[in-house]
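The values are calculated or read from the model by the stated rules, or taken from the named source; none is laboratory data. Bear in mind the structure is a predicted one, so any value in this text is a computation, not a measurement. Note that we place each Cβ from the backbone using ideal geometry, even for glycine, and neighbour counts take in every protein chain shown. Heavy atoms of the whole protein, side chains included, go into the accessibility calculation; ligands, DNA and RNA do not. Shrake-Rupley method; radii C 1.70, N 1.55, O 1.52, S 1.80 Å.
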Amino acid sequence: METILSIENLSVEYTVGKKIISAVRNVSLTLNKGDSLSIVGESGCGKSTLGLSMLNLLPKEARITGGKIIFHNQDILRFDKKEMQKIRGGKIGIVFQDPLSSLNPVIKILQQIRETLKIHRRDYSEEKIGKLLEAVQLNDTKRIKNSYPHQLSGGMRQRIMIAIAIASDPEILIADEPTTSLDVTIQKEILELIKKLIRELNLTVIFITHNFGIVSDLCNKIAVMYAGEIVEGGGISEILKNPRHPYTKALLSAIPKKDNLVKFNTIPGSVSDLASLPSGCKFNPRCPRKIAKCVQEDPQLECKENRFLRCFNP
Ligand code: ATP
Ligand code: MG
């Protein structure tokens, strides 16, 4: 299996005033061609920070304090601006949660898609743009091409973002909560579209979400993040069948059941303040299986038969 992206011991911090927020710590991941990896965890666990690092799109408060991101045998963290631009929106496409803030409000859709195609030296004819819009299942392409973002619905805007992300035939697509801002029926349609594109374009995908419920038929691998660290990872069916980390178990039991939408569990407590993390396991303040060692020592991420686990007492 060809590895196309590997992240090695990546750590990222934000500096806010005197506070240092340790948003990503020692994260390692491997993505093989054709993989579809979901990164799952509650709000504030560092998922977007991890996704943005892969494209060098971190805001200025952020600093990568260690690690490597190897894309086709090259560490992209060493790339200069120009080399990075070729990767970003070129070989790696990204779709964000909020399409309105990623599109330029004063430029018509046609021009926005055309810009991306130009930067990456692709055919930017109207015909090609029409085909891209059809690929994301937008009809009435003439009207859409001549619209401004605010004239389209949320679902349509997200389809445009996906069209822009796939315009340069990327190898990897990073989707960061692509359906969170949409209502439930539209969410389903966008997920179906992403599934179709993965198949048709042979995309390798990183799918960031806090919703465990939607990853099972989209992804083959999963990494569960808690407070900036990966706590469990592996093949999706094994993890869903037999979750071992108490945090993964808690996330899974928080999914509303089909036959009982009224009662669902929430995980007690909240993610620790990433500027003052507890000693030992970062999940220990919320963990039902805590033992003395969990407060004294940091558990390491251990790998057994392609499954990763960071826990003293699973
Ligand atoms: P969500 O599910 O809400 O999108 P997330 O898992 O994507 O959350 P991140 O956005 O990566 O989490 O944030 C991780 C931590 O970094 C949080 O504590 C957040 O407050 C902090 N953080 C994120 N962006 C910044 C920033 N620009 N400046 C300072 N702190 C930040
Ligand atoms: Mg996020």
Share of carbon and sulfur in the accessible heavy-atom surface of the stretch 3-309 [1.4 Å probe, %] = 50 percent
Please give the solvent-accessible surface of D123 in Å², to the nearest 10, using a probe radius of 1.4 Å with every protein chain present.
-> 90 Å²
In a Gaussian network model over the chain where Cα atoms closer than 10 Å are linked, find which of P170, P246, P268 has the largest mean-square fluctuation.
-> P268
Compute, for H245, the solvent-accessible surface of its heavy atoms (probe 1.4 Å) with the complete set of protein chains present, and express it in square angstrom to the nearest 10.
-> 0 Å²
Net charge of neighbours whose Cβ lies under 13 Å from the Cβ of S270, counting Lys and Arg as +1 and Asp and Glu as -1 = 0
Dipole check, the chain, charges on Cβ (K,R +1; D,E -1), about Cα centroid: among M161, G93, S279 the Cα furthest to the positive pole belongs to S279
Dipole size in debye (nearest 20) for the stretch 129-233 around its Cα centre, Lys and Arg Cβ +1, Asp and Glu Cβ -1?
-> 500 debye
Mind listing which trypsin sites (Lys or Arg not before Pro) in the stretch 206-314 are in a DSSP loop and have 13 or fewer other Cβ atoms within 10 Å?
-> K258, K263
If R0 is 22 Å, what FRET efficiency do you get for L240 and N9 from their C-beta distance, rounded to 0.05?
-> 0.20
Gain upon complete extension [D273, N211; 0.36 nm per residue less C-alpha separation] = 20.2 nm
Would you mind calculating the gained length between C303 and S153 on full extension (0.36 nm times residue separation, minus the Cα-Cα distance), in nm to one decimal?
-> 49.5 nm
Answer check: the chain, Cα atoms, Kirkwood Rh, Rg/Rh ratio of 0.98
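Please report, in whole Å³, the volume per residue of the convex hull around the C-alpha atoms of the stretch 73-210.
On the way: hull volume 16.2 nm³, N = 138.
Convex hull of Cα atoms, per residue: 117 Å³.
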Quick one: of K108/K221; K68/K188; K33/K108; K47/K188, which pairs are farther than 31 Å apart, Cα to Cα?
-> K108/K221; K68/K188; K33/K108
When only DSSP loop residues count, what trypsin sites (Lys or Arg not before Pro) in the stretch 37-79 have their Cβ near at most 11 other Cβ atoms within 10 Å?
-> K60
Please list I87, I107 in order of solvent-accessible area, largest first, computed with a 1.4 Å probe with all protein chains present.
-> I107, I87
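How much area per residue is accessible in the stretch 3-309 when the probe is 1.4 Å and only protein heavy atoms are counted (Å²)?
Per residue, the stretch 3-309 has 50 Å² of solvent-accessible surface.
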Amide H neighbours of S36 at under 5 Å, excluding residues fewer than 5 places away on the same chain, with H built from the backbone geometry, are V205, N220, K221
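When the Kirkwood hydrodynamic radius is evaluated over all pairs of different C-alpha atoms of the stretch 174-314, what value in angstrom, to one decimal, is obtained?
So the Kirkwood estimate lands at 16.7 Å.
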Loop-located GluC sites (Glu not before Pro) in the stretch 210-314, at most 16 other Cβ atoms within 10 Å (DSSP) | E297, E305
For the K128, K195 Cβ pair and Förster radius 30 Å, calculated FRET efficiency rounded to 0.05 is 0.80
